[in-house]
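The values are calculated or read from the model by the stated rules, or taken from the named source; none is laboratory data. These numbers come from a predicted model, not from an experiment. Cβ: placed from backbone, ideal geometry, glycine included. Neighbour counts: every protein chain shown.
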Amino acid sequence: MAKRRSVSPVYSMCVQPSFLIGTNNEDGTPNFAPITWVSVTQAQGDGYMLVISMFGTKKTKENVTRTGIFSANLVSTDMLPLMDYFGSRHAKDGKKDGMAYTVSRGEVLDVPVLDESRWVYECEVERSIRTGNSTTFFCPVRNIQIDERLECKDTFDVDLTKLDPVIYSGKYHSLGKLLGSIGDFL
Ligand SMILES: Cc1cc2nc3c(=O)[nH]c(=O)nc-3n(C[C@H](O)[C@H](O)[C@H](O)COP(=O)(O)O)c2cc1C
């Protein structure tokens, strides 16, 4: 049994996936920023919605609110320098062109997509909810682009070790081993 102690509820430990959110600026140029408050829920009918939360004011939030569309590019460990760079720059201070990266367009939505990413969601905002200084967007997934080397038989058959995602919880982490499937431990 773990011996625990109570601490102040200021801590928000949450094991977060790392995504670089690609949005269109007013002049059509792309902008990317890390957002890790990302989860999923069910959409109307089939499919999933990305649930993504942004606090304060930032270009990414403005762009998502204005255009209603964005890409969510999963960050693998080899993309960590890029994520760190995009996260330490604010678009309002100028273009984030201090690092090399290449951009394509979405296949279904007109959103900027990072060529390096192995798993990309193209999303459209359906509704949003404000809490405090944050806005949470509920966004049906209109398309998913996955690395051609990935084989997924069904929604439960995604080998995260092949995606090698950056896990965030205040610090950057990587993933451990693949442990098994549902039912393997009964
Ligand atoms: C690892 C990491 C995770 C972040 N997660 C979030 C998040 O979930 N929500 C948010 O609003 N900002 C988040 N940020 C902050 C934005 O990425 C940061 O403010 C960025 O500079 C905004 O860029 P922009 O001006 O291009 O929108 C995160 C930053 C880092 C480095």
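Structure summary
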| item | result |
| --- | --- |
| The lone exception for residue 96 - which of (1) crowded, with 16+ Cβ neighbours inside 10 Å; (2) outside any loop (DSSP other than H, G, I, E, B); (3) basic (Lys, Arg); (4) more than 16 Å from the chain's Cα centre (by Cα) it fails | (2) |
| Residue pairs meeting the criteria (Cβ under 8 Å; at least 6 apart or on separate chains; first under 20 Å from residue 176 (Cα atoms), in region 149-162; second loosely packed, with under 10 Cβ neighbours inside 10 Å and not charged (D, E, K, R)) | 156/181; 156/182 |
| Test set (1) under 15 Å from residue 30 (Cβ atoms); (2) polar (S, T, N, Q); (3) within 14 Å of the ligand (Cβ to nearest atom) - residue 133 fails condition number | (1) |
| Single unsatisfied condition, residue 63 versus (1) within 13 Å of the ligand (Cβ to nearest atom); (2) touching a strand residue (DSSP E or B) at 6+ places or on another chain (Cβ under 7 Å); (3) closer than 16 Å to residue 17 by Cα; (4) not aliphatic (A, V, I, L, M) | (3) |
| Condition broken by residue 112, with the remaining ones in (1) within 16 Å of the ligand (Cβ to nearest atom); (2) touching a residue at least 60 places away in the same chain (Cβ under 8 Å); (3) on the phi > 0 side of the Ramachandran plot; (4) not hydrophobic (A, V, I, L, M, F, W, C) satisfied | (3) |
| Meets criteria (out of contact with any Ser or Thr (no Cβ under 6 Å at 6 or more places or on another chain), part of a helix (DSSP H, G or I) and of a type outside the set (Ser, Thr, Tyr)) for residue 153 | no |
| Top-ranked residue in region 159-177 [being surrounded by 15 or more Cβ atoms within 10 Å (Cβ to Cβ) and among the aliphatic types (A, V, I, L, M); ranked as nearest to residue 75 (Cα to Cα)] | 166 |
| Every residue from region 9-25 that is surrounded by fewer than 10 Cβ atoms within 10 Å (Cβ to Cβ) and either in contact with a strand residue (DSSP E or B) (Cβ under 6 Å, 6 or more places away or on another chain) or modelled with pLDDT of 95 or more (or both) | 15 |
| Subset of region 73-109 (residues that are more than 13 Å from the ligand (Cβ to nearest atom), within 20 Å of residue 28 (Cβ to Cβ) and small (Gly, Ala, Ser)) | 104, 106 |
| Residue match in region 47-63 (condition: at negative phi and at pLDDT below 95) | yes |
| Residue match in region 120-128 (condition: exposed (fewer than 13 other Cβ atoms within 10 Å of the Cβ) and not acidic (Asp, Glu)) | yes |
